[in-house]
Amino acid sequence: PDDAVVWRGPRKNALIKQFLRDVDWGELDYLVVDSPPGTSDEHISLAQYLATADIDGAVIVTTPQEVSIIDVKKEINFCKKVGIKVIGVVENMSYLAMPLAEMRVEDPADPTRDVQSKFFQMLKREGLEGCTALAHVFPPTKGGAQKMAEEMQVPFLGRIPLDTKVAMAAEKGQSILDTGAGAAANAYKQVVSVIANSLGEEVTFV
């Protein structure tokens, strides 16, 4: 499991072809292909092989900072050039969502000072134990994904926060939608619903 797969382009393209042209997937609700960033040879192969499968479109995922937005603009233009509909843009890691009760608080001027217990006492006293703190880890210096989507004239699908519950679910091999809790679970459900509605379908979450 720790071995690296070192393949040149032709072998990767052959594998893409095998998965998309030679595999009988049977009846599927959705076939989702998770593609890395870029407009490389592999992306061209994906576009060519999926073109004959009546592809619904591409969901573009970005983070808020400008260095990511620049790459995503190229992805959107790539989709337009090869005739793939852009279903919309999702802003991932849009903000940090951290339950106040899980936060660690310290005094930078005196790290040995016990402010953690006072913080928890304050939360309990004010009835804030169930509240969540929100913070921009990657500031959208030029408007983030929503502004970019407006400029590129593609739909903006929503924001997914950084949430510790997502990491915990992944470590356990679970879906955040199955755990059901946290800001990220609600955000995922909202984005999935918007995508399904754009395809003329409805999604029901249990």
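The values are calculated or read from the model by the stated rules, or taken from the named source; none is laboratory data. No experiment lies behind these values; they were computed from the predicted model shown. Cβ atoms come from the backbone with ideal geometry, glycine included; neighbour counts cover every protein chain shown. The protein model used for the area step is the full one, side chains on, heavy atoms only, and it has no ligands, DNA or RNA in it. Shrake-Rupley method; radii C 1.70, N 1.55, O 1.52, S 1.80 Å.
For the range 28-45, indicate whether the set of residues that are open to solvent by less than 30 Å² (accessible area, probe 1.4 Å) and more than 22 Å from the chain's Cα centre (by Cα) is non-empty.
Taking the range 28-45 as the starting set, the residues that turn out to be open to solvent by less than 30 Å² (accessible area, probe 1.4 Å) are 38, 43, 45.
Filter once more, so that each one left must be more than 22 Å from the chain's Cα centre (by Cα): 45.
Scanning the range 28-45, I find at least one residue that is open to solvent by less than 30 Å² (accessible area, probe 1.4 Å) and more than 22 Å from the chain's Cα centre (by Cα), so the answer is yes.
Could you list, in sequence order, all residues of the range 57-85 that are of a type in the set (Asp, Glu) and more than 23 Å from residue 14 (Cα to Cα)? First the steps, then the outcome.
Narrowing the range 57-85 to residues of a type in the set (Asp, Glu): 66, 71, 75.
Once the filter is applied, which keeps residues that are of a type in the set (Asp, Glu) and more than 23 Å from residue 14 (Cα to Cα), the range 57-85 yields 66, 71.
Which residue is surrounded by the most Cβ atoms within 10 Å (Cβ to Cβ), if the candidates are limited to the range 85-103 and must be part of a loop (DSSP other than H, G, I, E, B) and at pLDDT 90 or above?
Among residues in the range 85-103 that are part of a loop (DSSP other than H, G, I, E, B) and at pLDDT 90 or above, the one surrounded by the most Cβ atoms within 10 Å (Cβ to Cβ) is 94.
Given (1) over 30 Å from residue 51 (Cβ atoms); (2) touching a helix residue (DSSP H, G or I) at 6+ places or on another chain (Cβ under 9 Å); (3) part of a helix (DSSP H, G or I); (4) open to solvent by less than 60 Å² (accessible area, probe 1.4 Å), where does residue 117 come up short, assuming only one miss?
(2)
Quick one: how many residues across the range 136-161 are open to solvent by 50 Å² or more (accessible area, probe 1.4 Å) and either assigned to a strand (DSSP E or B) or under 19 Å from residue 193 (Cβ atoms) (or both)?
Selection size over the range 136-161: 4.
Go over the candidates 31, 20 one by one and state the one that is touching a Phe, Trp or Tyr at 6+ places or on another chain (Cβ under 9 Å) and farther than 29 Å from residue 161 by Cβ.
Numbers: 31 fails: farther than 29 Å from residue 161 by Cβ.
20 is the lone residue from the list that is touching a Phe, Trp or Tyr at 6+ places or on another chain (Cβ under 9 Å) and farther than 29 Å from residue 161 by Cβ.
When the residues of the range 162-206 are narrowed to those that are surrounded by 16 or more Cβ atoms within 10 Å (Cβ to Cβ), in contact (Cβ under 8 Å) with a residue 24 or more places away in the chain and over 12 Å from the mean Cα position of the chain (by Cα), which ends up nearest to residue 30 (Cα to Cα)?
For the range 162-206, the residue satisfying everything is 195.
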